[in-house]
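Some notes on the structure that comes next.
Read-outs throughout are calculated quantities, based only on the coordinates presented, and are distinct from any laboratory measurement. Model, not experiment: these values are computed from the prediction. Cβ sites come from the backbone with ideal geometry, for glycine too, and all protein chains shown count toward neighbours.
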Amino acid sequence: VRGWREPGLHIHPAASSNFCAAEFVLGEGAVLSIAAGAVTERRPGALRIVLGDGAEVTVAERAWLRTEIERVQIIVGPGAKVHIGPDSLLNGCYLSAKKSITVGVHGFIGMGTRVFDADQHDFDTEHAERIDPVEIGDHAWVASDVTVLRGAQIGAHSVVGARSLVTGKIPSHTLAYGVPARLKGPVGDRSKVHH
Ligand SMILES: CC(C)(COP(=O)(O)OP(=O)(O)OC[C@H]1O[C@@H](n2cnc3c(N)ncnc32)[C@H](O)[C@@H]1OP(=O)(O)O)[C@@H](O)C(=O)NCCC(=O)NCCS
């Protein structure tokens, strides 16, 4: 476990000082950048970001990694990337990247939601583990207790209902929910909605 002044850890002076209470683990050559205006709560260890060798995590301007009720954990394998867009809200959720997870501008992820870009295990001896990037679009809202699997693409301004399972592509401006999540209707402009 490395400290506040480690090489590879770039916390903008205008990011919340509460990030000093987070737990960051950086492998060799890993880079974690937290931009101006990004915030979290001051709860020791409630925010945990683990980067394997050569991994990259960027937390953009004004992103809120909200740990008030549940922890936020971002686990990034060697060489993998996670990007959290500006004005986004990660509320008590878990992201696990072996290749890439992107959360767009002003994307919301609710409590208990888990996002995986890899199956985490080989399927059988002839079929290796599958890994495909996950994209959560600008102004999208993934509600609570959702599981997002490898290769999922959630379009801009789309909404995923609580307890859903996302396995594929959800177009932009679409409400989807259920296990597996099915397209249920249109969603308008979400760019001005508040946290
Ligand atoms: C996605 C959501 C916004 C949809 O709301 P809505 O469009 O108003 O949907 P309604 O409540 O009118 O329900 C419409 C139908 O869909 C069903 N439904 C709604 N959300 C569902 C979900 N997540 N999973 C399965 N079915 C769902 C309802 O049972 C209802 O079925 P019926 O027509 O057979 O009675 C809402 O259900 C939801 O999931 N909110 C998330 C709340 C949350 O997790 N907040 C925490 C902070 S992120």
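If you take the residues in region 90-107 that are over 22 Å from Pro78 (Cβ atoms) and not hydrophobic (A, V, I, L, M, F, W, C), which one is surrounded by the most Cβ atoms within 10 Å (Cβ to Cβ)?
Top of the filtered list is Gly107.
What number goes with the only condition from (1) more than 16 Å from Glu23 (Cα to Cα); (2) away from the ligand (no atom under 16 Å from the Cβ) that Met111 does not pass?
Result: Met111 passes all but (2).
Got at least one residue in region 4-20 being within 30 Å of Ser164 (Cβ to Cβ) and more than 12 Å from the chain's Cα centre (by Cα)?
Checked against the condition, which is being within 30 Å of Ser164 (Cβ to Cβ) and more than 12 Å from the chain's Cα centre (by Cα), region 4-20 yields no hits at all.
Out of all the residues in region 162-180, is one or more within 13 Å of the ligand (Cβ to nearest atom) and in contact (Cβ under 8 Å) with a residue 40 or more places away in the chain?
Among the residues of region 162-180, at least one is within 13 Å of the ligand (Cβ to nearest atom) and in contact (Cβ under 8 Å) with a residue 40 or more places away in the chain, which makes the answer yes.
Would a scan of region 50-58 turn up a residue that is touching a helix residue (DSSP H, G or I) at 6+ places or on another chain (Cβ under 8 Å) and in a loop (DSSP other than H, G, I, E, B)?
No, region 50-58 contains no residue that is touching a helix residue (DSSP H, G or I) at 6+ places or on another chain (Cβ under 8 Å) and in a loop (DSSP other than H, G, I, E, B).
Working carefully through the options Gly110, Gly85, Gly45, find the one that is in contact with a strand residue (DSSP E or B) (Cβ under 6 Å, 6 or more places away or on another chain), surrounded by fewer than 24 Cβ atoms within 10 Å (Cβ to Cβ), on the phi > 0 side of the Ramachandran plot and not basic (Lys, Arg).
Gly45
Out of the residues in region 114-143 that are hydrophobic (A, V, I, L, M, F, W, C) and more than 16 Å from the ligand (Cβ to nearest atom), which is surrounded by the most Cβ atoms within 10 Å (Cβ to Cβ)?
This residue is Val134.
Restricting to region 16-37, count the residues that are over 18 Å from Ser88 (Cα atoms), in contact (Cβ under 8 Å) with a residue 24 or more places away in the chain and not small (Gly, Ala, Ser).
6
Quick one: count up the residues across region 144-160 that are within 13 Å of the ligand (Cβ to nearest atom), small (Gly, Ala, Ser) and crowded, with 19+ Cβ neighbours inside 10 Å.
So the count comes out to 1.
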